[in-house]
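S.K.: My questions all concern the structure below.
The values are calculated or read from the model by the stated rules, or taken from the named source; none is laboratory data. The structure presented is a predicted model; accordingly, all values stated were derived computationally and were not measured. Cβ placement follows ideal geometry from the backbone for every residue including glycine, while neighbour counts extend to all protein chains displayed.
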Amino acid sequence: MTDPRFTPSHGLAGVAELRHELRTPVNHIVGYTEMLLEDVEDVGHPDWQEGLAAALSAARDALVIINESLPPTRQAAISAEELSALHDSLAQPRTRILDTLRDILESVTPETDDRFASDVRKILKAADRLGMLESLRREPETTDEAAPAPSDGTGDDATSALPRGAGRILVVDDLEENRDVLGRRLEREGYTVVHAENGRRALDLIAAEPFDLVLLDVMMPELDGFETLGHIKDNPATRDIPVIMISAADDMANIVRCIKRGAEDFLPKPFDPVLLRARITASLEKKRFRDQEKQYLQQVNRVIAAAAAVESGAYETGELSGIARRADELGRLARVFDGMAGQVKAREARLLDQVHHLRREIEAARDSGEMQIPGLDFANLPAGQFGDRYEIRAVIGRGGMGVVYRAHDRELDEVVAIKTLRPELVSNEDLIERFKTEVRLARKISHRNVVRTHDFGEWMGVYYLTMEYVEGITLHDLLEQRQTLEISSTLALTRQLADCMAVAHEEGVVHRDLKPQNLLLDAEGLLKVMDFGVAKLAEGSTGTTEVGMMIGTPSYMSPEQLLGESIDARTDLYAVGVVMYECLTGKLPFEARSPVSLIAKVLNEDAVEPVTLNADIPPALSTLVMELLAKHRDERIPSATALAERLSRIG
Amino acid sequence: MPTILLVEDNEMNRDMLSRRLQRRGYEVAIAVDGREGVEMARAGGYDLILMDMSLPGLDGWDATRRLRADPDRITTPIIALTAHAMAGDRERALEAGCDDYDTKPIELPRLLSKIEALLASAE
C-alpha cells in the first residue's frame, strides 16, 4: 500500500534532490564516526571502538542502499512505492547507528572530552535527519522552487538546494510538538530556526540575537502571545521585526487584537504548508524592503552628517566610501560630495598656510617695537568718564572723521572702541538721521571679518559710535613696517576681504572707503573691516564730492567715485585692487605730488602691472589685480563672490 | 607543513575535513564560498586547494576556471570534491583545470594519497 505521506517527486531534479538529502546525513555519519574511531584511544575508551565500527559499517550500508535505489544515472522519476520501500530499507542501518551511538553517549561522563561527546551528538542528529523521510514529502507545486540548482545536480549539502540566507526565524510555542513540526518545515525551506518555549525566553532571545521573523503562539501560559507581542512592539530595537501570530482558526477576536497591536499576519492551526510558506515569504519580503529602505535612509543621514562635518571642519575624506560604492544615485552623490569635500579641505589647508604667513608678518611688525601710536592729542576728550556708561582708557587712532578711543563699557564689563565724530559731520538733524540710518544698515552685516558696530549716541554735544574693540594692527601700519606682504599673506588677507564684501554687498551695503587704515588685523591674522557705510555720511555732510572735501586720500577711490557718479559694489572692488597692488608691490598704482594730478592719473593712465614690479607675483594674480583696477566698472571682476572664486583658483 | 585551502560551504563537512587534515599535520585555511576561495587563492600562500564543486553563487567549477584563467596564472594544485561520481564528472573537473578529483563521502586515506602525490610532484 502506498504510504500517504509520500508524494512522488517529478523528474530527474527530484531524484537528484532526494539523493542529496539522503546522502548528506549519511556522509556526516561516516565522517564523524571515522573521526571518533581515531579518537577512542585518546579519550581512554577503547571499548567504544567496536560500537563505532558497527555504526560506520551501518552508515556505509545505507550509502550502498541509496546509491542502488537512486543511481546518478537514473533518469526516471521516483514513485511513491519506491520511496516507501527506500524508507523501509534505510530503517535498519539507521536503527543500528542510533542504538550504538546512544549507548556511547550514555557512557559519556563529565570527564570525557567535550568535543568527543559533541561529535557523538552530531552523528545522532544526522541519523535523526535520515529518519525524517516525511521531510521528503513534496507538494507538487513546490517541487520546482525547492529543486537544487541544475548546475551539476549532485549537491551534497543539506543547504545547497535551498534559498541562501533565507532568514532567521524564532518559533515561540509552549507545545514542543508544534515547535518541532514548524521548525522542521521551516528548516526544510532553508530558514534558520530558533525555538523558544515561552514568551519570556522569546524576549531574551530577541534581545540577544537578530531575527528576521517571529512566529508567536497566542495561547501560552504566563506571558501570553499578546503580551509578548506588546513587549516586542514597544521596544524601539525590536519593533521592526515582523511577528506572525499562531492561533486556532476560530480565535478571530485574539487575531484582531494582535494585528491591532502590530502583528504582521496570523497562521491558523493546524498548519497548511502552502499557506505557511506564502505568509512567511511575504512577511520576510516586506521586511527586506523595509530594511533596505531603512539602510538607505541611514546612508542619506550619513551624507547629511558628512555635510555638517565639512562645515565644522571635521570631515575626513573617504568617510563616505561605503556609500560611494553604491551603484545608484545616492552612491553618485556620495562620490561627488567626497570629491568636493576633499577639494574644500585642500583649499582650507592652503588658506591656513596663508594666514600663518600673514600672522608671522604681523608678529614681525610688532616685534620691531615701532607700533606704538605716536603721541596723540588727547585734547578732544580727557581720559576718564564718558557718559554714565563708558570710561575712556586711551586714544587708539585718529582719522578724517574723528578720534577713536579704547574704553571700558561698565554696563557690559567689556572693552569697546568709541569713535567720536567731527561736529561738522553731524551738524543738523538731517545728517544725524542719515547717520543713524547708515549705522542701522551697517549693523545688518554680521560677519567675522567685520568690526561690529554697537551703538550711536550723543554725550555733551559729542556724537559717537561704539564698536567692537579689536586688538590689532591696521594694514596701513603693517605696510609701513614691512613695505610689502608676502604673496600668500596677501592672498590670505584678500580672501577674507572678498568674503566679507560678498556678504555686505548681498545686504546692499557698499563700504565706499576701503583702505589700509580701515583694515585691522588681529594677532591671529583675522581681518576686521571697519567703518562700513560711514564714508557716505562724510559725503552727505558736504553734499558734494569735491576733492577738497574728501576724507583722506583719493588713492583708493575708483574713477566713478572721483567723478561723483553713482556708486555700487564694484567701487569697493576697485579699492580692493588698490590694496592688493600695494601689498604686493609696496607701491600704489598711481602716485602723484598733488591730489589733482593723482586724480588725473587715476582717470587717464594705466597702472604698471604688478608683475613688472615684482617678478615673484604669479601672472594670474597680477592679471586679477589689473582687472580690479579697470577704469570702467563693466570691465572689472563683477562681484566679490567672483573675486573669491578667482582667488581660490590662484592658490 | 604544507598549507591547504579548503573551499567548502557546508559547515559539518568543513569541520570534519579540516580537523582530520589538521590531525595529520596540515595547516588548513577555510573559504566558505567560491568567491572567497578565489580571493584567498589569489592572495597566495597555499600549497594545495581542496575545492567543493557545489558551492552557492560562484560554484567550484567556475572558481577553478577563474583561477586558471587568472592573468597571474594561479598554478596551485586543485583537487575537486564532488558529491557523487556523475558520469563525466572527472573529465569535467580536469577540463576546468583541476589536477585531481575525489568524491564524497571522503575516504581519508584515498584523499591523503592524492594530496601527497600532488604535493610531491609540485616540489
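S.K.: Quickly run through the range A:34-49 and pick out the residues that are touching a residue at least 12 places away in the same chain (Cβ under 8 Å) and at the interface with another protein chain (Cβ under 10 Å from one of its Cβ atoms).
M.R.: Here is the first cut: in the range A:34-49, the residues touching a residue at least 12 places away in the same chain (Cβ under 8 Å) are A:34-37, A:39-40, A:42-43, A:45, A:48-49.
The answer is A:GLU34, A:MET35, A:ASP39.
S.K.: Okay, next question. Please work out which one of (1) touching a Lys or Arg at 6+ places or on another chain (Cβ under 9 Å); (2) over 26 Å from A:THR228 (Cα atoms) is the condition A:ALA305 fails and give its number.
M.R.: (1)
S.K.: Applying the selection to the range B:62-85, what residues are crowded, with 24+ Cβ neighbours inside 10 Å and either on the phi > 0 side of the Ramachandran plot or not aliphatic (A, V, I, L, M) (or both)?
M.R.: B:THR64, B:THR82
S.K.: Which residue is modelled with the lowest pLDDT, if the candidates are limited to the range A:145-188 and must be within 14 Å of another protein chain (Cβ to nearest Cβ) and on the phi > 0 side of the Ramachandran plot?
M.R.: So, considering only residues that are within 14 Å of another protein chain (Cβ to nearest Cβ) and on the phi > 0 side of the Ramachandran plot, the one modelled with the lowest pLDDT is A:GLY153.
S.K.: Would you say A:THR100 is exposed (fewer than 14 other Cβ atoms within 10 Å of the Cβ) and under 19 Å from A:VAL26 (Cα atoms)?
M.R.: no
S.K.: State the number of residues belonging to the range A:469-498 that are among the acidic types (Asp, Glu) and under 11 Å from A:VAL529 (Cα atoms).
M.R.: Looking only at that region, the number is 0.
Conditions (1) under 19 Å from A:ASP174 (Cα atoms); (2) assigned to a loop (DSSP other than H, G, I, E, B); (3) touching a Ser or Thr at 6+ places or on another chain (Cβ under 8 Å); (4) in contact (Cβ under 8 Å) with a residue 60 or more places away in the chain, marked per residue:
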{"position": "A:MET220", "(1), (2), (3), (4)": "yes, yes, yes, no"}
{"position": "A:LYS233", "(1), (2), (3), (4)": "no, no, no, no"}
{"position": "A:ILE244", "(1), (2), (3), (4)": "yes, no, yes, no"}
{"position": "A:GLY262", "(1), (2), (3), (4)": "no, yes, no, no"}
{"position": "A:PRO268", "(1), (2), (3), (4)": "yes, no, yes, no"}
{"position": "A:THR281", "(1), (2), (3), (4)": "no, no, no, no"}
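S.K.: Among A:ILE78, A:ILE65, which is more than 20 Å from A:VAL108 (Cα to Cα) and not in a helix (DSSP H, G or I)? Explain how you work it out, then say what you get.
M.R.: Numbers: A:ILE65 fails: not in a helix (DSSP H, G or I).
So the residue among A:ILE78, A:ILE65 that is more than 20 Å from A:VAL108 (Cα to Cα) and not in a helix (DSSP H, G or I) is A:ILE78.
S.K.: Against the conditions (1) at pLDDT 90 or above; (2) surrounded by fewer than 20 Cβ atoms within 10 Å (Cβ to Cβ), where does A:MET245 fall short? Just the number, please.
M.R.: Checking A:MET245 against (1) at pLDDT 90 or above; (2) surrounded by fewer than 20 Cβ atoms within 10 Å (Cβ to Cβ), the one that fails is (2).
S.K.: Taking A:ASP616 as the residue in question, decide whether it is exposed (fewer than 14 other Cβ atoms within 10 Å of the Cβ), within 43 Å of the chain's Cα centre (by Cα) and on the phi < 0 side of the Ramachandran plot. Full working, then the answer.
M.R.: On the way: exposed (fewer than 14 other Cβ atoms within 10 Å of the Cβ): yes; within 43 Å of the chain's Cα centre (by Cα): yes; on the phi < 0 side of the Ramachandran plot: yes.
Considered against the rule, which asks whether it is exposed (fewer than 14 other Cβ atoms within 10 Å of the Cβ), within 43 Å of the chain's Cα centre (by Cα) and on the phi < 0 side of the Ramachandran plot, A:ASP616 comes out as yes.
S.K.: Here's another thing I want to ask about it. I'd like to know if the range B:91-100 contains one or more residues that are surrounded by 18 or more Cβ atoms within 10 Å (Cβ to Cβ), within 14 Å of chain A (Cβ to nearest Cβ) and out of contact with any strand residue (DSSP E or B) (no Cβ under 7 Å at 6 or more places or on another chain).
M.R.: Yes, the range B:91-100 has at least one match.
S.K.: In the range A:233-241, is there at least one residue being under 22 Å from A:GLU187 (Cβ atoms) and touching an Asp or Glu at 6+ places or on another chain (Cβ under 8 Å)?
M.R.: yes
S.K.: Could you run through the range A:581-613 and say how many residues are in a loop (DSSP other than H, G, I, E, B) and either charged (D, E, K, R) or at pLDDT below 90 (or both)?
M.R.: Qualifying residue count, the range A:581-613: 8.
S.K.: Give the range A:50-95 a look and list any residue that's more than 14 Å from chain B (Cβ to nearest Cβ) and either among the basic types (Lys, Arg) or on the phi > 0 side of the Ramachandran plot (or both), or say none.
M.R.: If the condition is that a residue be more than 14 Å from chain B (Cβ to nearest Cβ) and either among the basic types (Lys, Arg) or on the phi > 0 side of the Ramachandran plot (or both), then A:ARG94 is the only one that fits.
S.K.: For the range B:14-32: of the residues being facing another protein chain (nearest Cβ under 8 Å) and over 13 Å from the mean Cα position of the chain (by Cα), which is surrounded by the most Cβ atoms within 10 Å (Cβ to Cβ)?
M.R.: B:MET16
S.K.: Filter the range A:96-131 for residues that are within 14 Å of chain B (Cβ to nearest Cβ) and part of a loop (DSSP other than H, G, I, E, B) and give the result.
M.R.: Selection gives A:ASP113 alone.
S.K.: Go through (1) closer than 23 Å to A:LEU479 by Cβ; (2) modelled with pLDDT under 75; (3) buried (at least 19 other Cβ atoms within 10 Å of the Cβ) one by one and return the number of the condition A:LEU381 breaks.
M.R.: (1)
S.K.: To continue, here is another question. Take the residues of the range B:39-57 that are modelled with pLDDT of 90 or more and under 18 Å from B:ASP100 (Cα atoms): which is nearest to the other protein chains (Cβ to nearest Cβ)?
M.R.: Across the range B:39-57, the extreme among qualifying residues is B:ASP52.
S.K.: If you go through the range A:21-31 one residue at a time, do you hit one that is at the interface with another protein chain (Cβ under 9 Å from one of its Cβ atoms), surrounded by 23 or more Cβ atoms within 10 Å (Cβ to Cβ) and of a type in the set (S, T, N, Q)?
M.R.: yes
S.K.: Next question. Somewhere in the range A:333-347, is a residue under 13 Å from the mean Cα position of the chain (by Cα), within 18 Å of A:GLU645 (Cα to Cα) and modelled with pLDDT of 75 or more?
M.R.: yes
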